[in-house]
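Worksheet: one structure, shown below.
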Amino acid sequence: VIVLLVFVSIFIAGECVPEEKASIGMAVEFMDHAACAYISQDKGWFEEEGLNFTSYESYVTGMALASALARGDIQVAYMCLIPAINVYANAKVPIKIVAGTHKYGYGLVVNPDKIKTIKNLEKSDIRLGCVREGGAVDVLLHRTIDKYNLDEEKILHRIQRMNPPKQVMAIKMGQLDAAFLPEQWATMAEDFGFKMLLVSQEVWPEIQGSVLVVKEELIRDHPEVLEKLVKISQKATDWINQHPQEAAEIVARQLQE
């Protein structure tokens, strides 16, 4: 579900004086959760607003992106909410969530020949995949255990921790029976015969999927950049909702480059 929620409003006041152009390092997750960033880049909307990106990096997981945020060269990131909270609370990285970019976007895919119900996850021969602890789908895993009263001990000791591309490869090779995955990886798993057994909105209604985060220093020194980023993200979100097929084609192309 693509929806932009603005959490912070910044108003620019003062004299009209020439402003030093900000140098901005941006990072995104390598998945369709960052669709508004991919669309904006493809359409040239960042450049139209005069944003100067000194780097544009892509990370396969939100946890990897969160670790990169600790460096000084990344000021802006489109990332999953849970890793953003973790890097702020645990690593004390000075970021602010300024907008939400989509809701949901996670699921549990299973081998339908071996798993018919959620309770089947407790079976001793079921091989489970999930990202490492602290990721959004790890939270989905734990919420699933709680909601369906599953035996945590039976399940957690069998979890094979790996990033989404490796999980999909393991599914293709017949090495997993179930996997907790973000999109687009969950849908890709269906190409290899897996079925979507559970989606995040069933376990956690109204869960925020991904967000736009900005370093506090950039907000303080260049509030006009924040306004432009939120404006562009809103523009891209509206465009995606109005042109879903073309948006899907653009994002697919961007993810293949």
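What follows is calculated from the coordinates using simple rules that are stated; it is not laboratory data. Remember, predicted model here, so these are calculated numbers, not experimental data. Glycine also receives a Cβ, built like all others from the backbone with ideal geometry; neighbour counts cover every protein chain displayed.
Taking each residue as 0.36 nm, the span from residue 231 to residue 123 lengthens on full extension beyond its C-alpha to C-alpha distance by 34.0 nm. For region 143-152, 3J(HN,Hα) computed residue by residue from phi via the Karplus equation (6.51, -1.76, 1.60; θ = phi - 60°) reads 5, 5, 4, 5, 5, 9, 6, 7, 7, 4 Hz, glycine and proline entered as x.
Classification of region 61-151 by its C-alpha gyration tensor yields a prolate form. The axis ratio a/c (a ≥ b ≥ c) is 1.5 or more, and a/b outweighs b/c. Protection proxy ranking for 69-80, 234-245, 113-124, using the average of other Cβ atoms within 10 Å per residue and placing the highest first: 69-80, 234-245, 113-124. Relative to the longest principal axis of the Cα atoms of the chain, helix 244-256 runs at roughly 90 degrees.
The HN-Hα couplings worked out from phi for region 78-94 by the Karplus form 6.51 cos²θ - 1.76 cosθ + 1.60 (θ = phi - 60°) are 9, 8, 5, 4, 4, x, 5, 5, 4, 5, 6, 6, 9, 9, 6, 6, x Hz, whole numbers, x standing for Gly and Pro.
Average projection, convex hull of the Cα set of the chain: 14.2 square nanometres. Annotation: extensible slack from residue 160 through residue 217 equals 16.7 nm (criterion: 0.36 nm per residue apart, minus Cα-Cα distance).
Principal semi-axes of the equivalent ellipsoid, √(5λ) from the alpha carbon gyration tensor of region 106-203, are 17, 14, 13 Å from largest down. Placing unit charges on each Cβ (+1 for Lys and Arg, -1 for Asp and Glu) gives the chain a dipole about its Cα centre, and among 110, 254, 164 the Cα reaching farthest toward its positive end belongs to 110. When peptides 129-135, 184-190, 147-153 are sorted by average Cβ neighbour count within 10 Å, with the highest value leading, the order is 129-135, 184-190, 147-153.
The residues neighbouring residue 68, those whose beta-carbon lies less than 13 Å from its own, together hold a net charge of -1 under the Lys/Arg +1, Asp/Glu -1 convention.
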